[in-house]
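Notes follow once the structure below has been shown.
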Amino acid sequence: MICPQHLSPGVRTPVGQRRYAVEVKNTIPLWLAVAITVVVSLPFGLWLDVWSLPLWAAFVVWAEYFALGAKPSALKIMVPAYILGVVGATIVLVFSLLVAKVTDASIVSTGDVAWFIGLFLAFCPVIYAMKYLPVTDGQGGLPFFNGISMGLATFFTGLYAAYGGFSISADVNYLIPLLTAVPAILAGLLGAFLGWFNIVIMFPRPVATEQRQGAHA
């Protein structure tokens, strides 16, 4: 990771005069820092039993941190945008499951009509609302859509319908997305931490390097 700070162009210097540029170099290389970060994440997915987190969702958000510049300031955008995305997915899922209470019509698979109707009608306002959410504009669009994806994924995998040991009756199955949203949000927060941690343990440091002028600039 190199970030040179160039001197002003057009400056005339005598032959042989030394000039310096400041570069940021890492004490620990990226490949090693990534491996360490992966190991740090494992207990959250392996040791917490019914509270274990979906590490694949955490890794998605970890990648977001790099995509948005790998600076702590990115967290101010990506964390709220991601959480709003999960909330949006939860609203869409709850609405679709309520539609399924009204109709069990099917085209190919059982109850598929309710999903066609519910997802279409619910996604329209959720995506339209991005225009009015300050953190989903510009760079916030990526974490917002990732939040939607992870919110849908933790529901449709079926692995988190009893997250934390809680169970929801089939009579009120439209509340299940409220439960599956919890691991999606927690995994997102973990991913944000992993991105920050990955950069911190590389111990970036400024290094001055000489740039020798061979002739008049």
>> Give the aspartates and glutamates whose C-alpha is closer than 15 Å to that of Lys76, dropping any in the same chain fewer than 8 places away, or say none.
In response: Glu64, Asp137
>> Can you tell me the orientation of helix 112-128 relative to the chain, as the angle in degrees between its alpha-carbon axis and the longest Cα principal axis, to the nearest 10?
In response: 40 degrees
> Under a 5 Å amide H to amide H cut-off, with H placed in plane at 1.01 Å, what residues pair with Lys25 once short-range neighbours are removed?
Replying inline: Arg205, Val207
> From the phi of every residue in the stretch 63-73, what ³J(HN,Hα) in whole Hz does the Karplus formula 6.51 cos²θ - 1.76 cosθ + 1.60 yield, where θ is phi - 60° and glycine or proline is x?
Replying inline: 5, 4, 4, 6, 5, 9, x, 6, 10, x, 4
>> What are the ³J(HN,Hα) couplings of the stretch 37-53, residue after residue, when phi is run through the Karplus curve with 6.51, -1.76, 1.60 and θ = phi - 60°? Round to Hz, x for glycine and proline.
In response: 5, 4, 4, 4, 6, 4, x, 5, x, 10, 9, 9, 6, 6, 9, 4, 9
> In terms of Cα to Cα distance under 16 Å, which aspartates and glutamates are near enough to Lys101, apart from those fewer than 8 places away along the same chain?
Replying inline: Asp112, Asp171
>> Rounded, prolate or oblate, given the Cα gyration tensor of the stretch 43-201, with a/c below 1.5 counting as rounded?
In response: oblate
> Relative to the longest principal axis of the chain, what angle (0 to 90°, nearest 10) does the C-alpha long axis of helix 75-102 take?
Replying inline: 20 degrees
>> Need the list of lysines near Lys25 for cross-linking: C-alpha distance under 20 angstrom, and skip anything on the same chain fewer than eight residues off.
In response: Lys71
> Gap in Å between the Cα centre of the stretch 91-119 and the Cα centre of the stretch 57-87?
Replying inline: 31 Å
> With the contact rule set at Cα under 8 Å and sequence spacing of 6 or more, what percent relative contact order holds for the chain?
Replying inline: 40 percent
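With runs of 4+ DSSP H residues as the only contributors, calculate the mean residue ellipticity of the chain at 222 nm using -39,500 (n - 2.57) per run, divided by the residue total and rounded to the nearest 500. Intermediate results must be reported in sequence, preceding the final value.
On the way: 6 runs with 116 residues, N = 217.
My calculation for the chain gives -18500 deg cm²/dmol from helical runs alone.
Computed from the coordinates by the stated procedures, all read-outs in this text should not be read as laboratory data. It should be emphasised that the depicted structure is a prediction, and the values quoted were computed from it without experimental measurement.
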